[in-house]
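Q: Got a structure for you, questions after.
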Amino acid sequence: MWTINLKETLIKYPTVRALKGTRPCGTNGLVQSFLDRKQRGFSIPAAIFIIVILAALGAFLATVGGTQQLGHAQDIVGVRALQAARSGVDWGVHQVINTGTYRTGCDGGSASATLPALANMDGLTVVVGCTSSAYSEGASTLHSYQITATACNNPTCPNTAAGLPNLYVERRVVTLVTN
């Protein structure tokens, strides 16, 4: 076991005087000072590690937040497109029930029309299509009309082109009318 005489150490090594009273008895001040210096750099890597983890967490939260906002925007546009498609079906039923050029075209096999801009539905296009078939029931001939309304937030609707924007939404409503 080593024993150190503190008085002899202080005489031989004057730099140890500053450490007198700061070290527990029986320890060598020079060795302890060396160990302290070695441990001082540990906080820098720990701080860098914490900063990197917090930055990654912030980037993740920003990505998730952006995705949620995009999903919410698509939901809103989807509801608007569904209502526009329902309006298109209503328009098509009205055209078929009340004789007109649209019904005449539909009686010929099929007809298609693009609705004019709807109030409060900016940016939505509604295309209404109609196909008919005639059948006999007893002595009378009946007509069956299938009306399809497609609404989307693009000038050409329906759009099957590649490279559509993230917010492209399309809704289709189909109904059958028989006279």
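Each reported figure results from applying straightforward, stated rules to the coordinates on display, with no laboratory input. What you see is a predicted model, and the numbers here were worked out from it, not measured in a lab. Here the Cβ positions follow ideal geometry from the backbone for every residue, glycine too, while neighbour counts run over all protein chains shown.
Q: From the list Thr148, Thr178, Thr141, which one is surrounded by 18 or more Cβ atoms within 10 Å (Cβ to Cβ), more than 26 Å from the chain's Cα centre (by Cα) and free of Cβ contacts under 8 Å to residues at least 60 places away in the same chain?
A: Thr148
Q: Just give me the residues in the stretch 76-135 being polar (S, T, N, Q), over 23 Å from Asn179 (Cβ atoms) and assigned to a helix (DSSP H, G or I), in sequence order.
A: Gln83
Q: Determine whether Cys157 is over 30 Å from Gly71 (Cβ atoms) and touching a strand residue (DSSP E or B) at 6+ places or on another chain (Cβ under 6 Å).
A: no
Q: Could you grab the pairs with beta carbons closer than 8 Å, sequence gap of 6+ or different chains, first residue in the stretch 79-98 and touching a residue at least 60 places away in the same chain (Cβ under 8 Å), second one among the basic types (Lys, Arg) and part of a helix (DSSP H, G or I)?
A: Val96/Arg103
Q: Before we move on, is Arg171 under 26 Å from Gly71 (Cα atoms) and surrounded by 10 or more Cβ atoms within 10 Å (Cβ to Cβ)?
A: yes
This table checks each residue for (1) under 23 Å from the mean Cα position of the chain (by Cα); (2) surrounded by fewer than 18 Cβ atoms within 10 Å (Cβ to Cβ); (3) at positive phi.
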{"position": "Ile48", "(1), (2), (3)": "no, yes, no"}
{"position": "Ala62", "(1), (2), (3)": "yes, yes, no"}
{"position": "Gly71", "(1), (2), (3)": "yes, yes, no"}
{"position": "Asp75", "(1), (2), (3)": "yes, yes, no"}
{"position": "Arg80", "(1), (2), (3)": "yes, no, no"}
{"position": "Val89", "(1), (2), (3)": "no, no, no"}
{"position": "Cys106", "(1), (2), (3)": "no, no, no"}
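Q: Just to check your reading of the model, which residue among Leu61, Leu70 is in contact (Cβ under 8 Å) with a residue 12 or more places away in the chain and farther than 29 Å from Leu142 by Cα?
A: Leu70
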